[in-house]
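Asker: Quick one: the structure is below, and I'll ask about it shortly.
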Amino acid sequence: MRKIVVLLAAIVPFTFAQAEEGALIGPKLREAVAGKTVYVHSPLGDIPVRYSPNGTMSARTELALLDGEDTSADKGRWWVDENKLCIRWQNWMERKQHCFTMHKVGHSTVRWNRDDGKSGTARLG
């Protein structure tokens, strides 16, 4: 029994440290997207979203039309709030605010979880 407790004491801190390494929070989250294009994976193809350092974002994709949007291009705002990436498009996604948590799962790949329960992956470019 004592060996198991010692083994668990050695493993548990390593496991928590590994989990925290992948989490993009605060300044790391901002740094991950500011000035970059994030390629959001979808079943029909990747959607490139450009995150400018000044808090604006833009995207152009014909996939938006297939998803029921009225226009293939849009602009919006982004910001980091309580360790979540928040966005609001001028036209897409019903102009509603959405926030995401992001975790690195590869060199340039992230797993995102949106506040409404949707999730997926994206490539940071």
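The values are calculated or read from the model by the stated rules, or taken from the named source; none is laboratory data. Keep in mind that this is a model prediction, so the values were computed, not measured. Glycine also receives a Cβ, built like all others from the backbone with ideal geometry; neighbour counts cover every protein chain displayed.
Asker: I'm checking my understanding of the structure. Among residues of the stretch 80-125 that are among the aliphatic types (A, V, I, L, M) and over 22 Å from E62 (Cβ atoms), which one is surrounded by the fewest Cβ atoms within 10 Å (Cβ to Cβ)?
Answerer: The residue in question is V105.
Asker: Okay, moving on. Which ones in the stretch 89-125 are of a type outside the set (V, I, T) and in contact with a helix residue (DSSP H, G or I) (Cβ under 7 Å, 6 or more places away or on another chain)?
Answerer: W89, W92, M102, H103, K104, L124
Asker: Given the residues G22, G35, G26, which is the only one that is closer than 22 Å to N83 by Cα, at pLDDT 95 or above and within 16 Å of the chain's Cα centre (by Cα)?
Answerer: Working: G22 fails: at pLDDT 95 or above; G26 fails: at pLDDT 95 or above.
Going through G22, G35, G26 in turn, the sole match is G35.
Asker: Would you please list the contacts, defined by Cβ atoms under 8 Å and residues six or more apart or on different chains, that run from a residue in the stretch 24-45 that is of a type outside the set (A, V, I, L, M, F, W, C) to a residue that is surrounded by fewer than 18 Cβ atoms within 10 Å (Cβ to Cβ) and in a helix (DSSP H, G or I)?
Answerer: Listed pairs, sorted by first residue: S42/L63; G45/L63.
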